[in-house]
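Down below is the structure, laid out as structure tokens.
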Amino acid sequence: MDEQRFAHLIAEAHRRFGQAGGVYRAPGRVNLIGDHTDYQEGFVLPLAVDRDTWCVARQRPDRLLRLVSLDLEPEASCSLDHIDPAALPGWARYPAGVAWALEQAGYRLSGLDLLIQTTLPLGAGLSSSAALELACAFALEWGSGFTLPPRENALLCQRAEQQFAGVPCGIMDQYVAAHGVAGAALLIDCRTIEHQLVPIPTAATLVVFDSGLRRQLADSRYPERRRETERAAAVLRAQFPEVRTLRDATLEMVAAVAAQLSPAEQRRARHVVSENARVLAAATALAAGDLTRVGILMNESHESLRRDFESSLPPIDRLVALCREHGALGARITGGGFGGAVVALLAGQPTQPFAEQVVAAYQQETGLVATALPVRPAAGAGPVAREERRHGLVTRTLRLPDGRSWTAYRFEDD
Ligand code: ADP
Ligand code: MG
């Protein structure tokens with residue numbers, strides 16, 4: 001499968017650019033628990049998944065950046081001396097933004113042709129945007145003769161998405177795409193921007209459902225929620241000096257300032273504070289192999305998002321309920337909300353029938369078509385392969401994320 005994908009991508013790069021170079025990959029992610037905690041410096045528990053974005057890079061002699069995606073039209077190009085989001089199609093702002101952020105940080109890039117392809121659904125909540133950024137960050141860096149540590153790459157890519165593509169994202173997506181480890185989730189502290197690995201028991205199976213409901217880009221509810229949490233944090237800070245963000249608050253503190261908060265602000269704060277506690281409890285339970293407890297905490301998280309944060313939608317509540325009715329230990333909406341994805345945790349149950357039954361029942365009840373994506377915890381961003389040419393001999397080495405490698409040879413004029 002990966003061999004075929006690799007061969008196809010290399011052939012496309014030859015066809016379009018006349019040559020191929022290195023191939024770099026970055027995974028999507030799913031957040032097991034911890035939503036709307038990141039921008040209040042709290043905790044999240046995501047994992048990198050085995051669906052990813054690949055980027056082939058070919059060096060150019062000039063300062064042009066050419067961007068081609070096999071998943072989206074149109075192709076784009078810009079000079080590295082003048083990278084302007086207004087002159088680029090929407091999708092190209094993510095990779096061009098990474099080049100912009102690198103140049104802003106003082107790194108000199110060489111011109112490159114980039115060819116992009118993904119196995120992630122776009123806009124479904126599995127973070128295809130961060131995967132695109134990280135795969136391109138690797139391509140841009142290796143193509144220009146340097147590499148940065150994963151944390152720095154994550155921060156640069158976040159800056160690209162926030163300041164260049166204009167999406168006010170937290171650090172989670174880029175961080176997990178950069179640091180993912182096969183077989184583990186990452187407990188990320190969004191204040192210190194550090195993580196601990198939490199092994200995922202092999203008995204656990206995860207299924208992500210794309211609900212078929214998309215949040216509109218112009219949706220004002222996400223920024224509105226952020227403002228409500230910020231206002232609640234400001235009120236708490238005035239009363240309790242030790243509170244810098246909601247990360248430092250307790251439910252008792254929220255209750256103590258209730259009179260100064262609107263009912264909505266109280267509920268938003270209650271979600272964030274209780275969600276942080278659930279994330280820490282879930283990390284402990286996961287490390288202990290207690291999947292039943294993890295499932296309960298996921299269910300509680302959904303309830304809190306539905307009732308207090310009000311970022312779910314009735315069809316998504318149904319999808320979550322159907323997952324539980326069909327045997328999931330836990331299920332919850334995951335991601336920014338108001339559409340998007342649901343994650344379900346299974347143990348000791350075949351995935352395929354579960355996924356099919358849930359999708360069929362969901363369609364019957366809501367008329368919506370969900371897509372089920374079984375996912376496994378996978379490795380973070382890195383090189384997939386190199387293509388090297390020496391004395392007319394072209395060597396292609398493919399390193400699969402699971403550690404296997406595969407090499408092919410041919411002569412230049414074959
Ligand atoms: P998510 O990150 O959950 O998939 P986003 O809305 O944050 O959703 O990002 C999706 C956007 O990222 C797409 O609409 C597109 O602009 C860009 N994108 C992601 N992957 C690709 C790709 N392989 N090719 C072109 N554009 C992509
Ligand atoms: Mg995204």
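Computed over the range 18-144, the quotient of the alpha carbon radius of gyration and 2.2 N^0.38 Å is 1.09. Accessible area per residue for the chain, computed on protein heavy atoms with a 1.4 Å probe, is 41 Å². Per-residue SASA remark: ARG237, around 110 Å² accessible (1.4 Å probe; ligands, DNA and RNA not included).
Across the range 104-175, the mean sequence separation of Cα contacts (distance under 8 Å, 6 or more residues apart), normalised by length, yields a relative contact order of 29 percent. Rounded is the label for the range 140-251, because a/c, from the alpha-carbon gyration tensor with a ≥ b ≥ c as root eigenvalues, stays below 1.5. Shape analysis of the range 162-219 places it in the oblate category; the axes a ≥ b ≥ c from the Cα gyration tensor give an a/c of at least 1.5, with a/b not above b/c. Protein heavy-atom surface of the range 1-100, 1.4 angstrom probe: 47% of the accessible area is carbon and sulfur, with nucleic acids and ligands not counted.
Pair-distance distribution P(r) for the chain, from all Cα-Cα distances in 10 Å bins starting at 0: 5, 22, 30, 25, 13, 4, 1, 0 percent. The order of SER262, SER77, SER128, SER211 by accessible area, most exposed first and with a 1.4 Å probe, is SER77, SER262, SER128, SER211.
Here the peptides 7-13, 146-152, 230-236, 26-32 are ranked by packing, the mean other Cβ count within 10 Å, and the order with the highest first is 26-32, 230-236, 7-13, 146-152. Using a probe radius of 1.4 angstrom, the carbon and sulfur fraction of the accessible surface of the range 155-213 is 53%.
The values are calculated or read from the model by the stated rules, or taken from the named source; none is laboratory data. None of the values given here were measured: they were computed from a predicted structure. All Cβ positions, even for glycine, are placed from backbone atoms using ideal geometry, and neighbour counts span all protein chains on display. Side chains included, ligands, DNA and RNA excluded: accessible areas come from the protein's heavy atoms. Shrake-Rupley method; radii C 1.70, N 1.55, O 1.52, S 1.80 Å.
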